[in-house]
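Down below is the structure, laid out as structure tokens.
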């Protein structure tokens, strides 16, 4: 999806930014709880909207 976002932005002469989140660690098996995901991802989205 990020590649398509950047390609479409480039074709339209616009800027684009992709924010990625990690909730599960593949090697250690650690993961965020559903509540932690909601809270931390919401913070990330609010910061992204402020940047935009």
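For segment 1-42, what is Rg from Cα atoms divided by 2.2 N^0.38 Å, rounded to two decimals? Don't jump to the answer; show the numbers that get you there.
Working: Rg = 14.9 Å, N = 42, 2.2 N^0.38 = 9.1 Å.
Its radius of gyration relative to the 2.2 N^0.38 Å reference: 1.64.
Can you give the helix-only mean residue ellipticity at 222 nm for the chain, where every DSSP H stretch with n ≥ 4 adds -39500 (n - 2.57) and the sum goes over all residues, rounded to the nearest 500 deg cm²/dmol?
Values: 2 runs with 29 residues, N = 52.
After summing the helix terms and dividing by the residues of the chain, the value is -18000 deg cm²/dmol.
Once both axes come from the Cα atoms, what is the angle between helix 2-12 and the longest principal axis of the chain, in degrees from 0 to 90, rounded to 10?
For helix 2-12, the angle is close to 20 degrees.
Between residue 40 and residue 22, 0.36 nm times their residue separation minus their Cα-Cα distance comes to what? Working shown, then result.
Values: separation 18, 0.36 × 18 = 6.48 nm, distance 1.05 nm.
That works out to 5.4 nm of additional length.
No lab work stands behind these numbers, since they all come straight from the coordinates. Note that the structure is predicted; figures quoted are calculated from it, not measured.
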